[in-house]
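**Q** Next up is a structure, given as structure tokens.
Readers should treat all values here as calculations from the given coordinates under stated rules, not as data from a laboratory. Quantities reported herein were computed from a predicted structural model and do not represent experimental measurements. FYI the Cβ positions are ideal-geometry reconstructions off the backbone, even for glycines, and counts take in every protein chain you see.
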Amino acid sequence: MTLLLFLAIYASAACFLSGCILRVRQYATLPAHLRWELYPVPHEARERVAHGGSYFEESEWWTKPRRFHLAGELRVMAEEIFLFKSLWQNNRNLWWRSFSFHFGMYSVLAALALSFTGLLPMVARGVGLCGLTMIAFGGLALLLRRATSSESHDYTHIADYIHLAAIAAISATVFMGCHAANAPSVRTFAHALFTGNTKLVVPRTLSAGVLMAAALLAYVPYSHMAHFIAKYFTFHEVRWDDARMEPGSSLEAKMRTNLARKPTWYALHLGADGKKSWAEIASTNPTSPEVRS
Amino acid sequence: MKSPQDVRLRDLSQRESEPLFDITRAQLRPLPDAFTAASAGREWKPLSESTACECGLDNTCALNLPKPSTWQEEDELVQRFIQGVEKLFTSENNWGFLQPLVLTMEHCTGCQTCSDSCHIFEASGRAEPYRPTFRSEILRRVYFKHVKKGGLVSRLQHGDIELNWPMIARLAELAYRCNLCRRCAQSCPIGADNALVAHELRKVFSQEMGIAPKELHERGSMLQLKVGSSTGMSPRVVRENIEFIDEDISEKTGVEVHTPWDVEGADVLLVHNAGEILAWPENPGAFALILNAAGIKWTMSSELLGYDSINYGLWYDDAQFARVALRHAEVARKLGVKRIVIGECGHAHKALGVIADRLLMGDLNIPRESSLTLLRDIVLSGCLKLDPSRNDFPVTLHDPCNLVRLMGIVQPQRDILNRIAPGFREMTPHGVNNYCCGGGSGFAIMTPNNFEDWRAQVSGRKKLEQIVNAFSDCLDDGNPKFVCAPCSNCKGQIRDLFVYHDVWKKNRIFYGGIAELIGNAMTDVKPGFIDWEWH
Amino acid sequence: MSVFEIQDRKYEVDEDGFLQSPEIWDRHVACDFATTEGITEVSESHWKIVQYIRDYWLQNDIAPMVRKMCKETGFKLSEIYELFPSGPAKGACKVAGLPKPTGCV
């Protein structure tokens, strides 16, 4: 039984990691896109961040060096990652549910990390159990919102209910498992896992909880729960991407590649025949007879 | 017919051709009390085209799509749409927006946080199809089913959709019920962008199916590429018109104003939205007055496209966008100017300033600057003699989305107003959190059928509310008040809003650009640059 | 394509109600289109503006600047709005048989 549990954990970790790598690769290898930023951009110069300004506010901005305000960006990231500030500002009714749910996960991760070190075992246990409770509570609160809100009809799918219900159930099961008689400590469990000591006795409830968690974890990167990966890209690569085109830059090289791509759009005015590149199409005039024919 | 709040995704595939829902005045978000009585009179023109065209969404119609006459034709249209969506997700066809689009497709959690930030959804009394996530949900299901070829698991994760022509026709209209202001994207906790979805849908319709509003395509970007300007002005006519403006402004101000043409190597190539020249000549006039007085070495261009900064492709078609942007840059390169300065036009700012930035290679990447920063420098430098007391009336500022939320030009216009307009007060909210005027993404120039009713009653409603609230302390005092809107499209929309709701007559609220306010404060010219004559 | 019908006369119009074949325009056509703008009686003032727009358009293939129109016909803009309630572009141009003005105007 313990062997099975360990195998499941290893398989799940492999699945999760490879899924995450695939996701990152999927998004990172998409072509460099046109600018589509949205202000405020937090790495802008300090005096401009407060009102959401950009370097375009300076006259002859192209003659002035870029000032990248890293501390500003890190602060906004921290507020967003740990406090869910945009939800706090825009959707308070969702915030407490989402905060509880996600902060619970952070707490569990922190508790696991602390447990590995063997320091402050009681604190680690307290944080972990508290985290599990927050996940279960947040998950149920999110589930309830989806089930009862009149806004959710067309936008909630069967899988959304399953995800939330599963996460709440897993948290509750693991919580109970931690209280089962003879439940090993995280440190003992981890030691057995890494050394392949299958003689370790794991109570059934805990096994069940860990097994379910492993199954879910393996699936996460293949669902929209991978939004923790997407969020890096939507913010850093889209909303805050204000990089300007510099002659000879790698961005310029990427754009040259893009402009050499050959579209196949069907509408007549494009004149896209699969042979002409974007650069060529851009230099044609659709009102001249040869393009229209 | 359903109530607007009860429409569901599946209703879009209904075969009956009458509208799914009606926007009625009773359901609209109420205007401020002080204003309601004044605007109650106007009736929504009934939609007379509904039998001839696809008008199956609501009680307006932007596209006038012809109805297919045979099943075969209908089937071909559906297939064409699916192929268009497939192309939308390929690097060859859509490298420019692919990454943001895929992220939006795959990671919206359906939390509806964005709904409350949409002025159209709010003003309509929360008509479900106007919800920012509604049209995205349709495209998302098409994406997972037809592009990702998802099976059972995908259907459980993302839902299913049966596409038919009525649904696609309604979706085409729905792509034109969003101002592309991206206020929804700003509030998304994940960073998904539902306005981008409307933009991308418009591209599928235009680039694959040849479907776009006449005002934007046939009489917009096509006309511009043919005769030089979407207004239809040829180089000869634009020079005559500017000559007329020069004379008119000289006469009015007592200062000889002359616009330089085609000066090679000039410091500044000023490109206006050509609509300014025809409809708001005091704006280009004020620019000429100010730049001459400040001693700027500037010029206008009479080369085709060199005198019209508009680029409607920004709203619906990447190829048309690239063509126009390229020609703008070529005109500047040929003249050998140091920089292009974009007049008071929001979408031209974003088009040439931001989106075109990564398209212009080598010596075509000529520096582009906002006229607002140039005007700010001139006003603050002290080189003009300005008397703020000449602008001694309440002024509020409209933030054009393209300039502000989408480009980060927030402070220069405020620096100017703080210097020259003692009665300046902000709207709520403002800056990067502003609301669109309701004319964004081409709506300001779209008038088919009763689209103007929709614009004035629905998409412009929030802006009207903001304007009225900004002047709540002086709404009925009979004194003139000024909405400063440094953008042609916004001005057009605000003008139409004010005509529709009779705002000048009832509340003495006027509107105009920022250059006019500067001209009005210049002590070297005869007082009264701003004509408080309506329209 | 829509059809505007008045008494026994039919005109092809676009979705904004503008005459599709500007060449068939004459004073009778103008009077028919004036009814769509809520103008009950076409006065001399109306004609002055309509004729100016029409002549300018025939020469330049575009509607005149509003300000130029005001200056050369002697009407204030507010007066033009009184004469043509939907304004110079949408009202007066329609009566003058022009295609609908284009661009950001």
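**Q** Take the range B:147-227, compute every pairwise Cα distance, and split them into 10 Å bins from 0; I just need the percent in each bin.
**A** 15, 33, 36, 12, 3, 0
**Q** Let me ask you something else. Please find the FRET efficiency linking B:ASP363 to A:SER249, where r is the Cβ-Cβ separation and R0 is fixed at 22 Å, and quote it to the nearest 0.05.
**A** Approximately 0.90, to the nearest 0.05.
**Q** Taking the inverse of the average 1/r across all pairs of different Cα atoms in chain B, what Kirkwood radius in Å do you get? Don't skip to the answer; put the middle values down first.
**A** On the way: mean 1/r = 0.0417 Å⁻¹.
Radius from the Kirkwood sum: 24.0 Å.
**Q** Still on this structure, I have one more. State to the nearest 20 debye the size of the charge dipole of chain C about its Cα centre, where the only charges are +1 on K and R beta carbons and -1 on D and E beta carbons.
**A** I would put it at about 440 debye.
**Q** Same structure again: I need the helices of chain A that pass two filters: whole DSSP H segments spanning 18 Å or more by Cα along the axis, and mean Kyte-Doolittle score no lower than 1.0.
**A** Correct list, ordered by number: A:2-28, A:121-148, A:158-179, A:204-219.
**Q** What does the charge add up to near B:ARG236, with Lys and Arg as +1, Asp and Glu as -1, over the other residues with Cβ less than 13 Å from its Cβ?
**A** Charge balance near B:ARG236 sits at -3.
**Q** Can you pull the mean other chain C-beta count within 10 Å for peptide B:524-533? It would help to have the intermediate numbers written out before the result.
**A** Working: counts 0, 0, 0, 0, 0, 0, 0, 3, 0, 5.
Going residue by residue through B:524-533 and averaging, the value is 1.
**Q** Also, I was wondering about something else. Within 12 Å, Cβ to Cβ, of C:THR35, how many net charges do the neighbouring residues add up to if Lys/Arg are +1 and Asp/Glu are -1?
**A** Spelling it out: positives minus negatives among the neighbours equals -2.
**Q** If the cut-off is 16 Å between C-alpha atoms, which lysines fall inside it for B:LYS463, apart from same-chain ones fewer than 8 positions away?
**A** Hits, sequence-local ones excluded: B:LYS481, B:LYS491.
**Q** Mean projection of the alpha-carbon convex hull of chain C over all orientations, in nm²?
**A** Averaging across all directions leaves 6.3 nm² for the Cα convex hull.
**Q** What does the helix-only formula give at 222 nm for chain A: each DSSP H stretch with n ≥ 4 adding -39500 (n - 2.57), the total divided by the residues, and the result rounded to the nearest 500 deg cm²/dmol? Kindly include the intermediate steps, with their values, before the conclusion.
**A** Working: 13 runs with 178 residues, N = 293.
After summing the helix terms and dividing by residue count, I get -19500 deg cm²/dmol.
**Q** Positive end of the dipole of the range B:398-509, charges at C-beta (+1 Lys, Arg; -1 Asp, Glu), about the Cα centre: which of B:THR447, B:SER472, B:CYS490 has its Cα farthest in that direction?
**A** My answer, from the dipole projection, is B:CYS490.
**Q** Taking N as the number of residues in the range A:180-230, what is its Cα Rg relative to 2.2 N^0.38 Å?
**A** After normalising by residue count via 2.2 N^0.38 Å, the value is 1.44.
**Q** Follow-up. Note down the magnitude of the dipole of the range A:153-250 about its Cα centre, charges +1 on Lys and Arg C-beta and -1 on Asp and Glu C-beta and zero elsewhere, to the nearest 20 debye.
**A** The dipole magnitude comes to about 620 debye.
**Q** Now for a separate question. How many partner chain Cβ atoms sit within 10 Å of a residue's Cβ in peptide A:44-54, on average, as a whole number?
**A** Mean shielding by partner chains, rounded to a whole number: 4.
**Q** Tell me, which cysteines of chain B are without a disulfide-compatible partner by the Cβ under 4.7 Å rule?
**A** B:CYS53, B:CYS108, B:CYS111, B:CYS118, B:CYS178, B:CYS188, B:CYS345, B:CYS383, B:CYS474, B:CYS484
**Q** Under a point-charge model restricted to the Cβ atoms of Lys and Arg (+1) and Asp and Glu (-1), what is the dipole moment magnitude of chain A relative to its Cα centre, in debye to the nearest 20? Don't skip to the answer; put the middle values down first.
**A** Details: 28 positive and 20 negative charges, 141 e Å.
Charge dipole, chain A, about its Cα centre: 680 debye, nearest 20.
**Q** OK, next. Counting Lys and Arg as +1 and Asp and Glu as -1, what is the net charge of the other residues whose Cβ lies under 14 Å from the Cβ of B:MET407? Could you put the intermediate results ahead of the total?
**A** Values: positive: A:ARG35, A:ARG48, A:ARG239, A:ARG244, B:ARG182, B:LYS350, B:ARG368, B:ARG405; negative: A:GLU37, A:GLU44, A:GLU57, A:GLU58, A:ASP241, A:ASP242, B:GLU344, B:ASP357, B:GLU369, B:ASP399.
Overall, the nearby charge balance is -2.
**Q** Suppose we keep just the alpha-carbon trace of chain A; what are its Rg and Dmax in angstrom?
**A** Cα-based Rg and Dmax for chain A come out at 25.5, 84 Å.
**Q** Next question, about the same structure. Averaged over every viewing direction, what's the projected area of the C-alpha convex hull for the range A:1-136? Give it in nm², one decimal, please.
**A** Dividing the Cα hull surface by four gives the mean projection, 13.2 nm².
**Q** Tell me whether the range B:303-350 comes out rounded, prolate or oblate; compute the Cα gyration tensor, take square roots of the eigenvalues as a ≥ b ≥ c, and use a/c under 1.5 as the rounded threshold.
**A** In terms of gyration-tensor shape, oblate.
**Q** Report, as an integer, the average count of C-beta atoms from other chains found within 10 Å of each Cβ along B:446-453.
**A** Taking the mean over all residues of the peptide, I get 3.
**Q** Here is a follow-up. List the lysines whose alpha-carbon lies under 17 Å from that of B:LYS145, not counting same-chain residues fewer than 8 positions away?
**A** Answer for B:LYS145, where 17 Å is the Cα cut-off: B:LYS87, listed by chain and number.
**Q** Using a cut-off of 20 Å between alpha-carbon atoms, which lysines can reach B:LYS334, once sequence neighbours fewer than 8 places away in the same chain are excluded?
**A** Cα-Cα hits under 20 Å: B:LYS226, B:LYS297.
**Q** I'd like to compare B:120-130, A:156-166, A:65-75, A:22-32: which one has the highest average count of other Cβ atoms within 10 Å, and what's the full order after that?
**A** With the highest mean Cβ count within 10 Å placed first, the list reads B:120-130, A:156-166, A:22-32, A:65-75.
**Q** Something else now. By count of other Cβ within 10 Å, fewest leading, how are B:THR373, B:THR428, A:THR264 ordered?
**A** Arranged by neighbour count, lowest to highest, B:THR373, B:THR428, A:THR264 become B:THR428, A:THR264, B:THR373.
**Q** Let me ask something else. Determine the equivalent ellipsoid of the range B:345-385 by diagonalising the alpha-carbon gyration tensor, then write out the semi-axes as square roots of 5 times the eigenvalues, largest first, rounded to whole Å.
**A** 27, 12, 5
**Q** Taking the radius of gyration and the Kirkwood hydrodynamic radius from Cα positions alone, what is the Rg/Rh ratio for the range A:128-198, to two decimal places?
**A** Here the Rg-to-Rh quotient is 1.17.
**Q** Holding the Cα-Cα limit at 24 Å, pick out from B:LYS45/B:LYS67; B:LYS350/C:LYS100; A:LYS276/B:LYS350 the pairs that are longer than that.
**A** Over 24 Å Cα-Cα: B:LYS350/C:LYS100; A:LYS276/B:LYS350.
**Q** What is the packing order of peptides C:90-103, B:152-165, B:385-398, A:1-14, taking the mean over residues of other C-beta atoms within 10 Å and listing the highest first? Please report the intermediate quantities before stating the final value.
**A** On the way: C:90-103: 23.7, B:152-165: 16.8, B:385-398: 19.0, A:1-14: 15.0.
Peptide ranking by packing, descending: C:90-103, B:385-398, B:152-165, A:1-14.
**Q** What whole number of Å gives the distance from the Cα centroid of the range B:445-503 to the Cα centroid of the range B:188-266?
**A** 22 Å
**Q** Enter the per residue convex hull volume of the protein assembly as shown, computed from alpha-carbon coordinates, in Å³ rounded to the nearest integer.
**A** Here the figure is 175 Å³ per residue.
**Q** Using a cut-off of under 20 Å, list every residue of the range B:108-144 whose amide N is near the label point 7 Å from the Cα of B:ARG8 along the Cα-to-beta-carbon line.
**A** Output list for this probe position: B:110-112, B:126-142.
**Q** Per 0.36 nm of contour for each residue apart, how much would the distance between A:LEU4 and A:SER150 grow if the chain were fully extended, relative to their Cα-Cα spacing?
**A** Extra length available between A:LEU4 and A:SER150 comes to 48.2 nm.
**Q** Per 5 Å bin from zero, what fraction in whole % of the C-alpha pairs of the range B:320-477 is there, up to the bin with the longest pair?
**A** Values per bin, smallest distances first: 1, 8, 14, 16, 17, 16, 13, 9, 5, 2, 0, 0.
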